[in-house]
Amino acid sequence: MSLTRLPSLPREFYDRDPRRVCRDLLGKLLVRRQGKQCLAARVVEVEAYLTGDPAAHSYVGRTARNDALFGPPGHAYVYFIYGNHWCFNVSCMPDGIAGGILFRAAEPIEGVAAMSAARGVTLRSPRDLRLLTSGPGRLAEAFGITGPRDNNKDLTSPKSDLWLADDDAPRPKVAITARIGITKAAERPLRYIVRGNPFVSGKKIVP
C-alpha cells in the first residue's frame with residue numbers, strides 16, 4: 001500500500017495521558033503529502049509534556065501561542081525556538097486540558113531526496129541520513145513543518161497533508177530517560193526512545 005493511503009491515527013489515540021501516547025507513537029510513521037510526493041519517517045524519539053508541567057508551554061495558562069495544546073487531541077502545535085528552528089508537537093488529553101508530545105527524531109523511510117533538499121544537506125554516505133531527522137529542528141525542517149503552515153492542523157483529518165499512521169510494523173523496544181535540551185523539570189523521565197536506534201538525537205544512544 002502507498003504510504004499516502006495509510007489512514008491517520010484516530011483522535012482517540014491521542015485522547016490519553018501523554019506518557020501512554022509516547023510509548024505507542026514510537027515506531028509509527030510521520031507522513032507528509034506534497035503534491036504527488038510522499039515524505040515518511042518512523043518515529044524513534046518523543047518527549048511528554050504534562051498538565052502542570054513547569055517545562056510545558058501550557059504551564060502559564062492558555063494563550064494565543066499555546067492554544068493548540070488546550071484544544072482537541074490530535075492537533076499539531078508548532079512553535080519557533082532560538083530564533084532559528086520550528087518544533088513539532090501533537091496535543092493530547094481531552095479538549096480543554098493541556099498535554100503534548102514533542103517529536104525529537106525519526107528514521108527516514110521515503111522522500112529522502114526531498115528531505116535532503118529541504119535541509120540543504122548533501123548525503124555522502126548512509127550515515128549522513130541522521131543529519132535529516134535526528135533532532136526536533138532537523139525533523140521539522142525536513143518535513144517542511146512550520147507554524148504558519150501547520151500550527152493547530154488536525155492530524156487526524158483525512159484531508160490533512162500531515163499525519164501519523166500505523167503500518168503494522170513490529171513494536172520497538174522502548175527506553176525511557178530524562179528529557180534533554182531544557183532546564184525546567186529536566187530530570188523527569190519523560191523522554192521515550194527506540195532502544196538502540198541510531199537516529200535518536202543526542203550523543204548517547206541507549207543500547
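The values are calculated or read from the model by the stated rules, or taken from the named source; none is laboratory data. Computed from a predicted structure; not experimentally measured. Please note: Cβ atoms are built from the backbone with ideal geometry, for glycine as well, and neighbour counts cover all protein chains shown. Note: areas computed on protein heavy atoms with side chains; ligands, DNA, RNA excluded. Shrake-Rupley method; radii C 1.70, N 1.55, O 1.52, S 1.80 Å.
Some points to look at:
- Number of the exception - Pro7 against (1) at pLDDT 95 or above; (2) open to solvent by 20 Å² or more (accessible area, probe 1.4 Å); (3) under 15 Å from Leu155 (Cβ atoms): (1)
- Residues that are open to solvent by 10 Å² or more (accessible area, probe 1.4 Å) and over 11 Å from Tyr192 (Cα atoms), drawn from region 13-26: Phe13, Asp15, Arg16, Asp17
- Criterion: assigned to a strand (DSSP E or B) and open to solvent by 10 Å² or more (accessible area, probe 1.4 Å) - qualifying residue of Ile97, Ile101, Ile109, Ile182: Ile109
- Restricting region 117-137 to residues that are within 24 Å of Leu164 (Cα to Cα) and free of Cβ contacts under 8 Å to residues at least 24 places away in the same chain, the residue that is farthest from the chain's Cα centre (by Cα): Ala117
- Taking region 60-73 as the range and being of a type outside the set (D, E, K, R), in a loop (DSSP other than H, G, I, E, B) and in contact with a helix residue (DSSP H, G or I) (Cβ under 6 Å, 6 or more places away or on another chain) as the test, the residues that pass are Asn66, Pro73.
- Test for Asp53: is it closer than 21 Å to Val174 by Cβ, assigned to a loop (DSSP other than H, G, I, E, B) and either open to solvent by 10 Å² or more (accessible area, probe 1.4 Å) or at pLDDT below 95 (or both): yes
- Of the residues contained in region 154-165, one or more are found to be closer than 19 Å to Leu9 by Cβ, open to solvent by 70 Å² or more (accessible area, probe 1.4 Å) and assigned to a loop (DSSP other than H, G, I, E, B).
- Single residue of Pro136, Pro170, Pro198 found to be closer than 18 Å to Pro108 by Cα and either crowded, with 21+ Cβ neighbours inside 10 Å or in contact with a Gly (Cβ under 7 Å, 6 or more places away or on another chain) (or both): Pro136
- Answer residue from region 74-94, given it is in contact with a Ser or Thr (Cβ under 7 Å, 6 or more places away or on another chain) and either among the β-branched types (Val, Ile, Thr) or assigned to a strand (DSSP E or B) (or both) and is most open to solvent (accessible area, probe 1.4 Å) among those: Trp86
- Residue match in region 132-152 (condition: among the hydroxyl-bearing types (Ser, Thr, Tyr) and out of contact with any Leu (no Cβ under 7 Å at 6 or more places or on another chain)): yes
- When residues in region 41-50 are screened for being under 30 Å from Ala114 (Cβ atoms) and surrounded by fewer than 24 Cβ atoms within 10 Å (Cβ to Cβ), 1 of them pass.
- Scanning region 112-133 for residues that are open to solvent by less than 60 Å² (accessible area, probe 1.4 Å), within 17 Å of Arg32 (Cα to Cα) and out of contact with any Asp or Glu (no Cβ under 8 Å at 6 or more places or on another chain) returns Val112, Ala114, Met115, Ser116, Leu132.
- Being farther than 22 Å from Pro198 by Cβ and either crowded, with 23+ Cβ neighbours inside 10 Å or under 16 Å from the mean Cα position of the chain (by Cα) (or both) is not true of Ser2.
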